[in-house]
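The next block holds one structure in the form of structure tokens; read it before the comments.
The values are calculated or read from the model by the stated rules, or taken from the named source; none is laboratory data. Since this is a predicted model, take the numbers as computed values, not measurements. Using ideal geometry, Cβ is built from the backbone for each residue, glycine included, and neighbour counts are taken over all protein chains shown.
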Amino acid sequence: MFSHHRATAPSLAARRPLAANAADLHTICFLVEGVAECGVLARVLEQFAKRNLLPHRIAADVAPETGLLEVNLQMPRLTMEEGEQIARGLRGIVGVQAVLTSTKGYS
């Protein structure tokens, strides 16, 4: 049976030491394009879950022009290195055709 209470994931601050300064932290935005299959979406989300991360924004659509799955995710409070590591993992997923990243400063 399932319990009726939910355990909360530890905050990002508890998960790793604080960056040397806030300028080292960014909101990393990911745009993932791939084959429109539910397994691709699950594997994209797995890249965050296995790091105990929950993106603050997630949107998934099938583009009518191309028929490709487009997943937009935003993950705050990451270093550039962490964002690059996640992007490499996303690019290695079978069915993913492109991964684009951008950053927002965190203050």
When the residues of region 67-107 are narrowed to those that are modelled with pLDDT under 95 and aliphatic (A, V, I, L, M), which ends up nearest to Thr27 (Cα to Cα)?
Leu78
Residue by residue through region 34-50, note down the ones that are farther than 22 Å from Gln85 by Cβ and without any contact (Cβ under 8 Å) to a residue 24 or more places away in the chain.
Cys38
So, in region 51-101, exactly how many residues are free of Cβ contacts under 8 Å to residues at least 24 places away in the same chain and in a helix (DSSP H, G or I)?
5
